[in-house]
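All remarks here apply to the structure that follows.
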Amino acid sequence: MKKNSKEFVFSRRVDAFFLDVVSIHKFITRFFKELFRRPFEFKEIIHQCYVVGVKSLLLISLTGFVIGIVFTKQSRPPLVAFGAASWLPSLIGIAFVRAIGPLVTALIAAGKVGSNIGAELGSMKVTEQIDAMDVSAVNPFKYLVVTRVVATTVMLPILMLYCTLVGMMGSYLNVHANELTSLVSYFDHAFSSVSFIDVWSAVIRSFFYGFTIGIVGCYRGFNATNGTQGVGKAANRAVVFSMFLIFAEELVAVQITNWINGI
Amino acid sequence: MKYNIQQGESRDIVISVSDLHISFGRLAVLKGIDLEVYKGENFVVLGRSGSGKSVLIKTIAGLLKPDKGIVNVLGLQVDKLKVHDLQKLRLKMGFIFQSSALYDSMTIRENLEFSLVRNFKHMTAREVLKAVEEVLDAVGLREKINEMPSELSGGQIKRIGIARTLIIRPEIMLYDEPTAGLDPITCTEINQLINEVQSRYNTTSIIITHDLTCAKTTGTRIALLQDGNFIRMGSFTDVFDPGDSRVKSFYDYNFIQ
């Protein structure tokens, strides 16, 4: 049945956007209510942590390592031109801890984990598996949503630290190939410019990115409609929307961190 | 709750629905349904695709909320129940979905255990396994215990769907198109299984179907749903009055004269 344009307050798209905002707000509120309510699905949380963490390791290792090498290679010539090649480890340290590590990890996780959650829950929704859980007296929100969101929230900071380390290792290999710097000396230089606030800011941001990826993926999957087409849409929207939110959060986080650092 | 039916016989009402209205947008699907299902009977709801049969049992199971009207199951008004109470009630209800809706990432054993281990925490692992094997025996598929749903045929998936609900020993079984998409021989087996379940576990069932053979084989009473309301209700011979053109279209559709 086609709706008349007069039935919308603004337009179909604008109305849908505001309805989505209200709906996602309710979804998040429900998450926090269910999070502290029994039963706690510890076994499933651990399983999801494994899915989010261990199964993303290869992709994150590869991406972090390559970015580390490429970033170092691209940064060297201008630093050499200014006679500041010795600052390279510090530059890499600051760049990875403050921005590249958290952001790259979050974007990879949004693509891999977010789409996976959106597609999995979307598929369960359209094949009535979520309803089946509901009628068999098991709370599907608790079992499917809470476990996944907790897993992404917990695992993202760990993955971020890992990605940062691997990226810096990639960078070290490039530095070592050119200047025969030792590993200890390289990391000593790299971390000399990184403050405690930088590390904590990255960890806290990653918690938020993880939560965003989990909640958006689950929300899109849980509300999937229209069969297989809907599953594809759910996965796609999970990625696009969580990436958009991650960039928005990054902008806010940078402002807050700079304000704390007095920059 | 007691109720006097036509013959003056007094029987317990397990499910009662009165003046049930449900719409999706402008589309009114159910327009004032009244229904009473008695203990131990197989009540069949017949109707064309899109007539609102599945909406009716999903409302009874508490998956959909009525726009208007009352749905009582075992004396409890379903749409007024709190989440915890609804979950308790659902332990007395089994719902078999049209697609069976088995959890495709779990083995058959995990599918069957899923509700049991979460709702009956006092059960030991051995007791759970025994319960799984028992229901798999009841549906004749014990050897499939460690297989994945994707490895089973359509008929086997339906049987496992029934086993998954039987494992919690429900008082009520809600079947949504149990024979849809199956070959005639498998349909006959599923119909027999529905009758076996009813006699062995003394369940009360609502069977949603558009298959006349299923309705005739399994139904104690039959209701024909059309345009959002029941147009006929009673035994198979009462409902299928050849003189009624609305009913005759069903005969023609099912190639049974």
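Below, the figures for the structure above:
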| read-out | value |
| --- | --- |
| Rounded Å value of the spacing that divides the Cα centres of the stretch A:105-125 and the stretch A:210-253 | 8 Å |
| Highest-fluctuation residue, B:LYS68, B:LYS121, B:LYS216 considered, GNM on chain B with Cα pairs under 10 Å | B:LYS121 |
| Extension gain, A:ALA177 back to A:LYS55 (0.36 nm per residue minus Cα-Cα distance, nm) | 40.8 nm |
| Inter-label distance for B:PHE120 and A:GLN74, nm, one decimal - labels placed 7 Å from Cα along Cα-to-Cβ | 6.1 nm |
| Chain A - Kirkwood radius from inverse mean 1/r over Cα pairs (Å) | 20.2 Å |
| Sites B:LYS68 and B:LYS216, calculated FRET efficiency, Cβ-Cβ separation with R0 30 Å, nearest 0.05 | 0.35 |
| Chain B, relative contact order in percent, only Cα pairs under 8 angstrom and at least six apart counted | 25 percent |
| Among the listed pairs B:LYS53/B:LYS92; A:LYS26/B:LYS88; B:LYS58/B:LYS121; B:LYS53/B:LYS158; A:LYS142/B:LYS121; B:LYS158/B:LYS248, those beyond 23 Å (Cα-Cα) | A:LYS26/B:LYS88; B:LYS58/B:LYS121; B:LYS158/B:LYS248 |
| Label point distance in nm, B:PHE236-A:ARG37, each placed 7 Å from Cα along Cα→Cβ | 4.5 nm |
| Choice from B:VAL73, B:VAL247, B:VAL45 with maximal GNM fluctuation in chain B (Cα, 10 Å cutoff) | B:VAL247 |
| FRET efficiency, B:LYS82 to B:LYS39 (Cβ-Cβ, R0 25 Å, nearest 0.05) | 0.45 |
| FRET efficiency, 1/(1 + (r/R0)^6) with R0 45 Å, evaluated for A:ARG13 and A:VAL199 via beta carbons | 0.60 |
| Chain A: calculated mean residue ellipticity at 222 nm from DSSP helix runs of at least 4, using -39500 (n - 2.57) | -26000 deg cm²/dmol |
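FYI, it's all coordinate maths here, none of it is from the lab. If you're wondering where the values come from, they're calculated on a predicted model, not measured in any experiment. Counting neighbours? That spans all protein chains shown, and the Cβs are built from the backbone with ideal geometry, glycine included.
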